[in-house]
Amino acid sequence: MLNKTDESCEICGKASNDVVLCCLCGAQVCTECALVQDRICLACDEAKCYICNEYLASRACNICGQLVCEDHGTKKDESTTCDNCRMRES
């Protein structure tokens, strides 16, 4: 069941009575800025690992720039290399 409130969307700013809470980050978003069936806001959907689709990937590959999760990115010093780029380099 969706949590509906009478607030404005944290992504687009529209005031709506069809605002839902993202189940990942807790943001209040309108139904246009959410994958309503999955209860995930578009910001979280865009921040997923491009290899495994795990949500809230926290690192960007320093070679290709794609977001990756901890399982698919190797961190060396302050930079991260995704598994695909690392395999191409070796």
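The values are calculated or read from the model by the stated rules, or taken from the named source; none is laboratory data. Remember, predicted model here, so these are calculated numbers, not experimental data. Cβ placement follows ideal geometry from the backbone for every residue including glycine, while neighbour counts extend to all protein chains displayed.
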**OP:** Kindly check whether there is at least one residue in segment 17-25 that is surrounded by fewer than 14 Cβ atoms within 10 Å (Cβ to Cβ), of a type in the set (Asp, Glu), modelled with pLDDT under 90 and assigned to a loop (DSSP other than H, G, I, E, B).
**Re:** no
Original post:
Which one is surrounded by the most Cβ atoms within 10 Å (Cβ to Cβ), of the residues in segment 32-90 that are within 16 Å of Ile11 (Cβ to Cβ) and of a type in the set (Gly, Ala, Ser)?
Top reply: Ala34
Original post:
Quick check: anything in segment 1-11 buried (at least 18 other Cβ atoms within 10 Å of the Cβ), in contact with a Lys or Arg (Cβ under 8 Å, 6 or more places away or on another chain) and at pLDDT below 90?
Top reply: no
